[in-house]
Amino acid sequence: MKTTGEKIRDLRLNLGLKQSELAEKTEITIRTITNYETDARKPRGLQLRRLCEALNVTEDYLLNPEIDDPAYGMDTAVYVDAARAQYGTKGAMDMKQLLAANQALFAGGDIPEEDKDLFFSAVLAAYNQCKQEAREKFTPKKYK
């Protein structure tokens, strides 16, 4: 099991980046990158998302020492990001929970990737529809 800092350092080195290059790519200071890599601090919020984007991994992979596969969660990341873009951090957390609860449907089966993508797209569309209906029903008229 690797720590968050070890994962960041290993991913950076695998990409052939210096700390200064990763800092420039993510708009995070070199000192902060060093703190992350030495586990003096853990990335959070926007800096965590920037690191994940630059290193091409998910937040779950980076923060969870029990996850060893850098590709973990990449199949659902686009849907979580779409929910985050539209509904913020709460929307992203809701989408993660919704997708995690439904991932058991794919366990042990040979479902083609196209079918999985269709399923995840349908879940995202249903989530968006529910949020829109709730907004219309429960938002006071003075805020519409």
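The values are calculated or read from the model by the stated rules, or taken from the named source; none is laboratory data. Everything numeric here is computed off the predicted structure, so don't read it as measured data. Ideal geometry is used to build each Cβ from the backbone, glycine not excepted, and the neighbour counts take in all protein chains shown. Remember, those area values only see protein heavy atoms, side chains included, never the ligands or the DNA or RNA. Shrake-Rupley method; radii C 1.70, N 1.55, O 1.52, S 1.80 Å.
Being of a type in the set (A, V, I, L, M, F, W, C), surrounded by 15 or more Cβ atoms within 10 Å (Cβ to Cβ) and outside any loop (DSSP other than H, G, I, E, B) is a property that Ala101 lacks.
Condition check ((1) over 19 Å from Leu63 (Cβ atoms); (2) touching a strand residue (DSSP E or B) at 6+ places or on another chain (Cβ under 7 Å); (3) touching a residue at least 60 places away in the same chain (Cβ under 8 Å)) across all residues:
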{"site": "Met1", "(1), (2), (3)": "no, no, yes"}
{"site": "Ile8", "(1), (2), (3)": "no, no, no"}
{"site": "Ser20", "(1), (2), (3)": "yes, no, no"}
{"site": "Ala40", "(1), (2), (3)": "no, no, no"}
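Name every residue in the stretch 64-77 that is in a helix (DSSP H, G or I), in contact with a Ser or Thr (Cβ under 7 Å, 6 or more places away or on another chain) and open to solvent by 60 Å² or more (accessible area, probe 1.4 Å), in order of residue number. Passing the criteria: only Met74.
Residue-level analysis places Tyr79 outside the set of residues that are under 27 Å from Gly5 (Cβ atoms) and among the aromatic types (Phe, Trp, Tyr). Residues of the stretch 78-98 that are charged (D, E, K, R), surrounded by 13 or more Cβ atoms within 10 Å (Cβ to Cβ) and either in contact (Cβ under 8 Å) with a residue 60 or more places away in the chain or under 20 Å from Glu133 (Cα atoms) (or both): Arg84, Asp94. Of all residues in the stretch 104-144, those satisfying the criterion of being open to solvent by 60 Å² or more (accessible area, probe 1.4 Å), at pLDDT below 80 and under 27 Å from Tyr72 (Cβ atoms) are Ala104, Leu105, Ala107, Gly108, Asp110, Glu113.
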